[in-house]
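The values are calculated or read from the model by the stated rules, or taken from the named source; none is laboratory data. All of these numbers come straight from a predicted model, not from anything done at the bench. For neighbour counting, all protein chains shown are included, and Cβ atoms are generated from backbone atoms with ideal geometry for every residue, glycine included.
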Amino acid sequence: MKKQLNIWLSAIAIAAIIFTGCSKEEQANVSDNNSSAYTVPEIDVLANETDAEFTNFEVSGGTETEGFYAENDGIPDAYQVSESTADELNSAKRDGNAKRMRACLSKLELDAEQIAKLKRVFHAFDDCKSGIVKRHSLAMRELTARINARHEALVKAYKSGRIDKETFEKGLKALRSEFNQTRKLLARKASIALKDCYHKMLRAMHGILSERQWKAFVACYRH
């Protein structure tokens, strides 16, 4: 009886050791998978470059015949991605937003399943950024209107002879500087949240594309 009890206890101990070993291996695999999703260096590079493009954007215009403006409110190509970007990968349409993103993805020979997955990812990205972009665009329209009201007054003063050319050009330079500085402050308010949305989108894209496709996409988009 005692001998049978010892055999039974030994079997339990061996089973426990095997189970513990399997559990640790499974936990290690999960940890490795989660870690690898967050340590793709190209994701950080792309996210940082797009964030810098957004915050360092320079406004255009501001001459005697043209007011100041910021194309797309200074929002870079990457942040203009939407669900329709995936739809346009296999279409002849080329007049939408996110032209560079769409052009690079179109070169990857994506299959139907990959495009369907990208469409869901882009939809999630659009949801994530929507409110942020709307608030930023509203603030930019208000800023542009204020600056251009002063630009118009400056042009009228110059054309009427109330100020000379040197004063006019100094005034334009001051308005441009103010516009750029204020636009940069507005961008910084939105940049952290937008960068986070974009980072999540890139992680999801990395999981959909093959290694070859991912490297080709990064090389194309950074060119």
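Over 24 Å from Ala70 (Cβ atoms), at pLDDT 95 or above, basic (Lys, Arg) and in the same structural domain as Ala70 (by TED's automatic domain parsing): which single residue out of Lys200, Lys170, Lys156 fits that description? Talk me through it step by step, then tell me what you get.
Values: Lys170 fails: over 24 Å from Ala70 (Cβ atoms); Lys156 fails: over 24 Å from Ala70 (Cβ atoms).
None of the other options fit; the residue is Lys200.
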remark   = Sole miss for Ala149 among (1) more than 18 Å from Ile75 (Cα to Cα); (2) within 21 Å of the chain's Cα centre (by Cα) is condition (2)
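Could you check the stretch 152-180 and list, in sequence order, the residues that are of a type outside the set (Gly, Ala, Ser) and within 38 Å of the chain's Cα centre (by Cα)?
Step one: of the stretch 152-180, the residues of a type outside the set (Gly, Ala, Ser) are 152, 154-156, 158-159, 162-170, 172-173, 175-176, 178-180.
Once the filter is applied, which keeps residues that are of a type outside the set (Gly, Ala, Ser) and within 38 Å of the chain's Cα centre (by Cα), the stretch 152-180 yields Glu152, Leu154, Val155, Glu169, Lys170, Leu172, Lys173, Leu175, Arg176, Glu178, Phe179, Asn180.
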query = Residues of the stretch 191-223 being of a type in the set (A, V, I, L, M), under 30 Å from Leu110 (Cβ atoms) and out of contact with any Phe, Trp or Tyr (no Cβ under 7 Å at 6 or more places or on another chain), which ones?
reply = Ala193, Leu202, Ala204, Met205, Ile208, Ala216, Val218, Ala219
